[in-house]
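Supplied in C-alpha cells, the structure appears directly below.
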Amino acid sequence: MTTPPTQRRAADITDEMLEHARSLIGVWLRRDVHWPSYAEDIAPIDIRRWAMYSIGDDNPLWSDEEYGRRSYWGSVIAPPTFLYTVDSTIVAPGLRGIQWIYGGTRWRNFLPVRVGDRITARARLTDVVERSGSRARRLVVQTGEVLYHNQRGELVSRAEADVLRIPRKTSGKGMVGFEQRQADGRWKWTPEQIEEIRKAYLAEERRGAEPRYWDDVTVGQVLPTVVKGPLTLVDIMAFYVGRRNTYPPLKLAFQERERHPANVYVSPSTGIPVHPAAGHFDDEIAHEIGMPGAYDQGWMRANWIGHLVTNWCGDSGWVAELDVRLHQPNLVGDTTWCAGEVKAKSEVDGEGYVEIECWGETQRGERNVTGRALVRLPSRTLREPR
C-alpha cells in the first residue's frame, strides 16, 4: 500500500490534466463507485430518511402511506431532489487530486419516484471550461449530465450539474479571499436571536393537501420563508444519514484509497488519512480545501430550495424544473432564510405553470444560493394535468 506523506504538496492543474479531462467528454461513465444502492428498489425508509434527515422536511406526503393514498398522487412520492441519493450528479472525471466544489444543479423532472421503483443512472461529462476568478487564479468547471430511468425504462429525471475543480491550499494555488472569515471563527448567536429562529420554525407554512390553483396565483406573489439553521455538525451528519449511499468507512476507506491515492487528505496534526469530504465537519481539512471552516454539502441548499417550493405549491403541485446555483460557502453556525417570488405564469398544452425565483440569504446578508423553479399547478379552468 502507498501511504501519502503528511506534508505532500497537493496537485496543481496542468494543461495535460485538462486535455485528459476533455477527452472524456461524451463518454458514459460507471456510477456504482461506492455502493450498488442505485440498483435496489426504493423502500419507504429511503424516501422518509431523505426527507426528514437530509432535508428537514416532515411533509407527510413523503412518509405517511395512508396520507399518500388520499393525496393527488395516490401514494407516497419522493421529494423533487430525492434522486441526489441515487446518484450525486457529480460528473467530474480526470484532474486527479484537484478538489471538487459543488456548483449547482439543473433538474428536469418528468415522473414521480414511488416506493418500489428501481432507478438506474447514466452519466456523461458534457463540458470542461477553464476559468479564473477572485477566489482562484485558475479553476476548471466540469459540467455533466445524469439520466435517471425507472424499471420500466421511463426517463424519470434529467440533471445537469456543475462541479468546480480548484487546487488545494498546499498546491500554492488554492482558494483565497476567506482569510478574515476564517479568523473571525464561527458565528455567535444570542439567546434572543435563537428564539426568533425557533419562532420561524414554528410558523413555517405548508400548503399540504389544499390545492393551490394556478388561477389564483399572481405575479409578484411572495412565498412564505423557510428557515434552515443555525447549521450544526449534527445537521451535516444527519444529511449523510439520509442518503442511500455515502463515503466508505474503515477498511473500505483504505481500499478506496488504494484505488484513488490522490483523493485523500492527511492531517498534519494527527497523521490520519481521510477523504477530503471530511472538510464538511472538520475545520482543519476545510482550511486545506480553501474554506474558512467546516461547511455544508452543496446539495443541502438545493434540498432547502426544493422544500421552499413544495411547501408553497402543495401536494398537487409538480416541480417540473428546479435550477439551483451555489455561491458563498454555508458554514457551521450559519442560518439561511429561503425565500421566493412568482415571476411569471404560463399555459403549456392546456396546463398551468408558474415560474418562481428563489434564493437563500444568511445572517450576513449574503445570498449563498439562488435558483428558479417551474411548477405545474392544478387549475379550475384548464384541463386536469396528465
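In debye to the nearest 20, how big a dipole does the chain give about its Cα centre with +1 on each Lys and Arg Cβ and -1 on each Asp and Glu Cβ?
In total the dipole reaches around 880 debye.
Please compute, for the alpha-carbon atoms of the chain, the extent along each of the three principal axes and give them in descending order in Å.
66, 53, 37
Could you tell me the center-to-center distance, by alpha carbons, between region 309-359 and region 50-65 in angstrom?
18 Å
Further question: Take peptides 200-206, 162-168 and line them up by average Cβ neighbours within 10 Å, highest first, as a rough protection proxy.
The peptides rank, most packed first, as 162-168, 200-206.
Once you've got the GNM for the chain with C-alpha springs shorter than 10 Å, pick whichever of Asp184, Asp282, Asp87 has the biggest mean-square fluctuation.
Of Asp184, Asp282, Asp87, the Gaussian network model singles out Asp184 as fluctuating most.
Moving on to the next point. Hey, rough spin-label estimate for Lys188 and Thr381, points 7 angstrom out along Cα→Cβ, what's it come to in nanometres?
Going by the 7 Å Cα→Cβ label model, 5.7 nm.
Which of Ala200, Trp359, Val226 sits closest to the plus end of the dipole of region 15-377, meaning its Cα is farthest towards the positive end, when Lys and Arg get +1 and Asp and Glu get -1 on the C-beta?
Trp359
With the chain treated as a Gaussian network of Cα nodes joined by springs under 10 Å, which of Leu231, Leu308, Leu125 yields the largest mean-square fluctuation?
The residue with the greatest mean-square fluctuation here is Leu231.
Can you figure out the FRET efficiency of Ser132 with Arg181, using R₀ = 22 Å and their beta-carbon distance, to the nearest 0.05?
In this case the efficiency is close to 0.55.
Given an 8 Å cut-off on Cα distances and at least 6 residues of separation, report the relative contact order of region 229-310 as a percent. Please list the in-between numbers first.
Details: 59 pairs, mean separation 14.6, N = 82.
It comes to 18 percent, rounded to a whole number.
Now for a different question. List the chymotrypsin sites (Phe, Trp or Tyr not before Pro) within region 145-193 that DSSP assigns to loop and that have no more than 16 neighbouring Cβ atoms inside 10 Å.
Trp189
Helix 233-242 versus the longest principal axis of the chain: what angle, 0 to 90°, nearest 10, using Cα atoms?
70 degrees
In region 98-172, what GluC sites (Glu not before Pro) fall in a loop by DSSP, with at most 11 other Cβ atoms inside 10 Å?
Those satisfying the criteria are Glu154.
A further question on this structure: Which of Gly293, Gly352, Gly133 moves the most in a Gaussian network model of the chain with Cα springs under 10 Å?
Checking each option, the largest mean-square fluctuation is seen for Gly133.
Still on this structure: I'd like the orientation of helix 250-259 relative to the chain: the angle between its Cα long axis and the longest Cα principal axis, in ° from 0 to 90, rounded to 10.
Around 70 degrees separate the two axes.
Considering only C-alpha atoms, what is the centroid distance from region 157-195 to region 283-299, in Å?
Here the answer is 6 Å between Cα centres.
Glu341 to Arg259: FRET efficiency via 1/(1 + (r/R0)^6), r the Cβ-Cβ distance, R0 41 Å, to the nearest 0.05?
E(calc), rounded to 0.05, equals 0.30.
By how many degrees, between 0 and 90 and to the nearest 10, does the Cα long axis of helix 191-202 differ from the longest principal axis of the chain?
50 degrees
If I stretch the segment between Leu24 and Glu204 completely, what's the gain in nm (0.36 nm per residue apart, minus their alpha carbon distance), one decimal?
60.3 nm
Moving on. Could you order peptides 357-363, 12-18 by the average number of other Cβ atoms within 10 Å of their residues, highest first?
357-363, 12-18
In nm, give the distance between the simple-model label positions of Asp15 and Lys251, each being 7 Å from the Cα along the Cα-to-Cβ direction.
Placing both labels 7 Å along Cα→Cβ, they lie 4.7 nm apart.
What FRET efficiency comes out for Asp349 versus Thr218 if R0 is 22 angstrom and r is the Cβ-Cβ distance? Round to the nearest 0.05.
0.45
No value in this document is a laboratory result; all are computed from the given coordinates. Treat the numbers as computed from the prediction; the structure is a model and nothing was measured. Note: ideal-geometry Cβ built from the backbone for every residue, glycine included; neighbour counts use all protein chains shown.
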